[in-house]
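Take a look at the following structure, please.
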């Protein structure tokens with residue numbers, strides 16, 4: 001009888017400790033590539049699910065730049081963010097308390113994606129002349145990083161020798177080409193494909209890169225809470241997340257930190273364009 005009472009007391013103490021250590025108000029920063037309204041719609045179903053299942057309140061923190069999200073992790077104002085591989089690698093270099101927990105799948109069923117260089121199909125790409133390139137954001141994987149790598153590997157050209165500027169989103173970069181303001185755009189393949197009917201043509205693509213993931217702040221969230229969030233998302237049936245739509249429509253899988261080992265940034269990424 002005494003043993004049972006001890007077990008009950010220990011169980012109550014352990015449960016109380018978990019509740020005390022776990023934050024009930026979570027600050028979540030979605031990817032700053034769409035409007036605040038669009039971002040909210042993308043993540044609303046999955047966040048509502050977590051709120052109900054884990055008795056949480058998730059607050060949206062809208063940032064206009066990747067840099068703001070990285071700073072939010074470091075100053076403790078962001079608990080969870082949705083990040084691409086380069087922002088995560090950059091964050092991890094500066095802040096060791098970042099950890100990817102789930103990665104979202106693409107329409108092809110893979111939790112990885114490609115970056116591309118695209119142009120308007122009727123525009124002539126004369127590699128002997130300087131040209132203008134539309135980029136997303138400095139810390140976007142498909143921005144300066146992969147556009148520079150693709151220009152080098154596919155066309156033996158240096159991005160620093162061209163005219164380039166940041167348009168702050170994949171869609172903006174592609175539309176800038178369609179408007180005739182730039183010759184080339186660096187973007188995510190799935191987004192570039194959506195603009196093919198408007199005349200966009202993919203002329204180079206990268207190898208598969210780690211997918212976009214939910215990244216948690218291990219300094220502001222407890223280990224138990226992080227595990228609960230991860231397990232709750234991974235336990236959702238395919239039927240349920242397909243009904244949700246939004247960011248989870250193609251499914252998700254457990255994030256693998258080793259997938260990021262091949263992503264090295266061996267040059268300094270300019271924070272501003274060179275078009276004045």
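Can you name every one of the helices (runs of 4 or more DSSP H) wholly within segment 59-167 that holds 2 or more residues which are in the same structural domain as residue 179 (by TED's automatic domain parsing)?
Filter on segment 59-167 gives 146-155.
Another question about this same structure. Restricting to segment 242-276, count the residues that are over 20 Å from residue 83 (Cα atoms) and in contact with a helix residue (DSSP H, G or I) (Cβ under 6 Å, 6 or more places away or on another chain).
Going through segment 242-276 one residue at a time, the tally reaches 1.
Give the residues of segment 143-168 that are within 20 Å of residue 276 (Cα to Cα) and in contact with a strand residue (DSSP E or B) (Cβ under 6 Å, 6 or more places away or on another chain), sorted by residue number.
Correct list: 143, 144, 162, 163, 164, 166, 167.
Another one. For segment 48-71, give me each residue that is surrounded by 16 or more Cβ atoms within 10 Å (Cβ to Cβ) and more than 26 Å from residue 96 (Cβ to Cβ).
Selection gives 49 alone.
May I ask you to list the residues in segment 169-188 that are crowded, with 19+ Cβ neighbours inside 10 Å and touching a residue at least 60 places away in the same chain (Cβ under 8 Å)?
If the condition is that a residue be crowded, with 19+ Cβ neighbours inside 10 Å and touching a residue at least 60 places away in the same chain (Cβ under 8 Å), then 169, 170, 171, 183, 184, 185, 186, 187, 188 are the ones that fit.
Another question, if that's okay. Quick check on this structure: which one of 192, 134, 185, 173 is in contact with a helix residue (DSSP H, G or I) (Cβ under 9 Å, 6 or more places away or on another chain) and farther than 21 Å from residue 271 by Cβ?
Exactly one of 192, 134, 185, 173 is in contact with a helix residue (DSSP H, G or I) (Cβ under 9 Å, 6 or more places away or on another chain) and farther than 21 Å from residue 271 by Cβ, namely 192.
The values are calculated or read from the model by the stated rules, or taken from the named source; none is laboratory data. The model shown is predicted, which means the values in this text are computed figures rather than measured ones. Every residue, glycine as well, gets a Cβ built from its backbone with ideal geometry; the counts of neighbours run over all protein chains shown.
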